[in-house]
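Only one structure is covered here, and it is reproduced in the block below.
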Amino acid sequence: MENQSAAIPAPREITTKPRRSDQVFRGIVTLGGMASLVILGLIAFFLSIKGFHILSEEKFSFITESRWEVLTDENGDIADSTLGIGAMLVGTFLSALIAISVGVPIAVLSALYLTFYARGAVKKILISLIDLMAAFPSLLYGFWGFFVFMASAEYWAKLLNKYLGFLPFFDVPAPIFERSPFIAGLVLAIMIIPIVTSISREIFDQTPLDRIQAAYALGASKLAMIRAVVIPYGRGGVVGGAMLGLGRAMGETVAVYTVLNVVYQINWQVLFGAGGNVASLILLKFGEAGPYEVDALMAAGLILFILTLIVNALADLLINRFGSKGK
Amino acid sequence: MTTQVIPKPSKPWEVTVKQRAATGSLIALAVVLAGVSVKFSGLNGKLGFAVSFFFIATGLIFIQQLRLRDLQAAKDALLSSFAMLGIVLTLIPIVSIVSTVVIKGYKGIHPSLLFKDMALNSVNDPITEGGLLHALVGTSIMVFGALIISFPIGVLTALYLTEIRGKLARPIKFLVQAMSGVPSIVAGLFILSSLVYPVTKELSGLMGSFALSILMIPTIARTAEEMLRLIPSDLREAGVALGATQWRTVSGVVLPAAKSGLVTAIILGVARIIGETAPLLLVSGGGDALNMNPTSGAMGSLPYYIWKSFLTGGTEEAFARAWGGMLVLLAFIFILFGLARFLSGRKVG
């Protein structure tokens, strides 16, 4: 008997404390999970240390000033400099606003089509085409826009100018319609349509089916159902998707650089062939920039980074707030 | 004996042949009227025809519905016309882009391109001279490098969001989303300011990989997270119930079950960065010669090959070369997308 009782193993200690291997695992995964925080922090940190002295020298005029001039004396030292990204900030907002005001209605309509009209194989094919289009590189949109799309966009610009030219922003100082912010905005619109369509479609898909059917059962037509159920339900998410498109359009470099005639002036006349955005400025000036100007470009990059971060944060907030309610 | 009358099943809501014929003839009428209006007004060409066709067809259908039914039905028809317009406007660019690239690009494709680089050639040389070997090798090396950096980080982030679900899960998800909106040029500037100027003082392929990985991490993290969420929690619970630790459950059950999903994440990540141009223009140095060493020297890439051919050439050969490069790039994207779709069988993007 005594021998037997000695063979009974000690009871296992019951604990909620994870084992050593799990502690290591959790530690590593948590560290990896922090990567996005660390990277975003590092981006802000390094761009600030390079760009900070520019910002402190130029002060607030870095945002408002619209000249980019560096004067050097014979030793190659900087004698005087006026650096400001005002014109480019205006251009960034202008082209991005054109992009969303043209792109978002089209995207929402096609999302409505995909969710409530298309069926079966057609729907599947259309959805994968649009997803594919979202993956096209901006290089492709840029050169397609320049070589193919520009001709017809120029024709529309002339029409707008002819019939709506009395509006100040459709007026032009000289009849140059090529490479205008308007055309760049349209190319950006084409770029963001697939993204906004995808998000809106996902939001519309989440509309609770019982409410849709309730509306139909009350005798609603499709239009009445969409107005009474889908739009109130999906409004916030669609606005979020539009903001995401805005962020994408604001940060776009290559497509704007190829399509737009990057000129350093504030241009509110969207049909006139001069403009720019912050990202295309960085690309344009980078090749010829001295160390001082490179730092200024870093500061411009920092401002662009902060702007897109804010827009994206708002977008994410809206999509998550309104998007996942019905799931 | 009473015979039971079995009512014939009918579907009164279905579109009858007569209705279809009516709609068809309306559309035909709209085509004719649009043709007439283009002929006798200032409207111009295909576009003018399309615009007037759309408005005439929409108007005709509106009137038909108003006459046959009521205002509600007519408005409903209006919405469906506009929804159709939306999808057509969305699809025109993709059709135009793909057909342009194929039509203009095939002239810029030649088998010898695969074996030569551009070290001794200008972009204006005939297509049979010079090639894109350096670009293909450079892009492969940089994308592979970016993948090695991004895949572990992306998957760990996804695991944190799906398996650990710590207190920080929400903020991290938010940050990943925010990171996916970082403009590509900012990624290039970041690598310049953090690595190139203070440390290496030299542009190279490795720097390109770093810049690309900033753009790749969010795509991989989000796709991997979505894929891991598809793994039923029964599997995780079964693992834990058998006495496995969380580490054993994740490594032995969850990750193997999500294998094809993780491959999809890799593919979509690669598709996201393969055409990225702006950061490479800043940090990879843009070489024309074959360079297999990512740590030193300028490294060519497919986007740079296209960029340079478009902007520095100006001759027909240079444009053919550029569109040819674009065709190769587009082919890669199609293949990657097809693979992703084949593997996951579900929505990608």
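The values are calculated or read from the model by the stated rules, or taken from the named source; none is laboratory data. None of the values given here were measured: they were computed from a predicted structure. Cβ atoms come from the backbone with ideal geometry, glycine included; neighbour counts cover every protein chain shown.
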Quickly run through the stretch A:24-37 and pick out the residues that are in a helix (DSSP H, G or I) and either surrounded by 14 or more Cβ atoms within 10 Å (Cβ to Cβ) or modelled with pLDDT under 85 (or both). A:Phe25, A:Arg26, A:Ile28, A:Val29, A:Thr30, A:Gly32, A:Gly33, A:Ala35, A:Ser36, A:Leu37
Please go through the stretch B:123-162 and pick out each residue that is modelled with pLDDT under 90 and of a type outside the set (A, V, I, L, M). B:Asn124, B:Asp125, B:Pro126, B:Thr128, B:Glu129, B:Gly130, B:Gly131
All positions within the stretch A:285-296 that are at pLDDT 85 or above, within 11 Å of another protein chain (Cβ to nearest Cβ) and over 10 Å from A:Gly51 (Cα atoms): A:Phe286
Considering only residues that are crowded, with 21+ Cβ neighbours inside 10 Å, among the aliphatic types (A, V, I, L, M) and more than 14 Å from every other protein chain (Cβ to nearest Cβ), which ones fall in the stretch B:82-122? B:Leu113, B:Met118
Sole miss for A:Phe52 among (1) farther than 18 Å from A:Ser280 by Cα; (2) in contact with a helix residue (DSSP H, G or I) (Cβ under 7 Å, 6 or more places away or on another chain); (3) within 14 Å of another protein chain (Cβ to nearest Cβ) is condition (2)
With the requirement that a residue be surrounded by 13 or more Cβ atoms within 10 Å (Cβ to Cβ) and either at pLDDT 85 or above or within 14 Å of another protein chain (Cβ to nearest Cβ) (or both), what does the stretch B:35-45 give you? B:Leu43
Quick one: which of A:Asn261, A:Asn267, A:Asn312 is in contact (Cβ under 8 Å) with a residue 40 or more places away in the chain and closer than 20 Å to B:Pro279 by Cβ? A:Asn312
Filtering the stretch A:29-49 down to residues that are more than 19 Å from B:Ile191 (Cα to Cα) and at the interface with chain B (Cβ under 7 Å from one of its Cβ atoms) yields A:Val29, A:Thr30, A:Gly32, A:Gly33
Which one is modelled with the lowest pLDDT among residues in the stretch B:315-349 that are closer than 30 Å to A:Ile199 by Cα and part of a loop (DSSP other than H, G, I, E, B)? B:Gly349
Tell me, yes or no, whether the stretch B:201-209 has at least one residue that is of a type outside the set (A, V, I, L, M, F, W, C), within 14 Å of another protein chain (Cβ to nearest Cβ) and under 28 Å from B:Asp288 (Cα atoms). yes
Residues of the stretch B:252-304 satisfying the condition of being farther than 25 Å from B:Phe319 by Cβ and in contact with a strand residue (DSSP E or B) (Cβ under 6 Å, 6 or more places away or on another chain): B:Asn291
Considering only residues that are under 16 Å from A:Val108 (Cα atoms), more than 13 Å from chain B (Cβ to nearest Cβ) and not aliphatic (A, V, I, L, M), which ones fall in the stretch A:204-236? A:Gln206, A:Thr207, A:Pro232, A:Tyr233, A:Gly234, A:Arg235, A:Gly236
Could you list, in sequence order, the residues of the stretch B:246-271 that are farther than 30 Å from B:Leu302 by Cα and assigned to a helix (DSSP H, G or I)? B:Gln246, B:Trp247, B:Arg248, B:Thr249, B:Val250, B:Ser251, B:Gly252, B:Val253, B:Val254, B:Leu255, B:Pro256, B:Ala257
Whether any residue in the stretch B:11-26 is surrounded by 10 or more Cβ atoms within 10 Å (Cβ to Cβ), over 16 Å from B:Leu68 (Cα atoms) and among the hydrophobic types (A, V, I, L, M, F, W, C) is what I want to check. no
Does the stretch A:46-61 hold any residues that are out of contact with any Leu (no Cβ under 9 Å at 6 or more places or on another chain) and not aliphatic (A, V, I, L, M), and which are they? A:His53, A:Ser56, A:Lys59, A:Phe60
Single match in A:Phe93, A:Phe149 (criterion: surrounded by fewer than 24 Cβ atoms within 10 Å (Cβ to Cβ), among the aromatic types (Phe, Trp, Tyr) and away from chain B (no Cβ under 14 Å)): A:Phe93
Go through the stretch A:276-293 and report how many residues are part of a helix (DSSP H, G or I) and either basic (Lys, Arg) or more than 24 Å from A:Leu139 (Cβ to Cβ) (or both). 4
Is it true that B:Ile335 is crowded, with 22+ Cβ neighbours inside 10 Å, aliphatic (A, V, I, L, M), assigned by TED's automatic domain parsing to the domain that holds B:Val196 and without any contact (Cβ under 8 Å) to a residue 60 or more places away in the chain? no
Which of (1) touching a Ser or Thr at 6+ places or on another chain (Cβ under 7 Å); (2) more than 13 Å from chain A (Cβ to nearest Cβ); (3) surrounded by 18 or more Cβ atoms within 10 Å (Cβ to Cβ); (4) among the β-branched types (Val, Ile, Thr) does B:Thr128 not meet, given it meets every other one? (3)
Return the pairs, sorted by first residue and then second, in which the second residue is among the β-branched types (Val, Ile, Thr), the first residue lies in the stretch B:98-116 and is more than 20 Å from A:Pro137 (Cβ to Cβ), the beta carbons are less than 6 Å apart, and the residues are 6+ apart or on different chains. B:His110/B:Ile127; B:His110/B:Thr128; B:Ser112/B:Thr128
Of the residues A:Val259, A:Val263, which single one is more than 8 Å from chain B (Cβ to nearest Cβ) and surrounded by 24 or more Cβ atoms within 10 Å (Cβ to Cβ)? A:Val259
Matching entry among B:Leu175, B:Leu159 (being more than 26 Å from A:Ser138 (Cβ to Cβ) and either at the interface with chain A (Cβ under 7 Å from one of its Cβ atoms) or in contact with a Gly (Cβ under 6 Å, 6 or more places away or on another chain) (or both)): B:Leu159
Go through (1) more than 7 Å from every other protein chain (Cβ to nearest Cβ); (2) touching a residue at least 40 places away in the same chain (Cβ under 8 Å); (3) closer than 28 Å to A:Arg235 by Cα one by one and return the number of the condition A:Ile85 breaks. (3)
So, in the stretch B:305-319, exactly how many residues are exposed (fewer than 14 other Cβ atoms within 10 Å of the Cβ) and under 12 Å from B:Lys104 (Cβ atoms)? 1
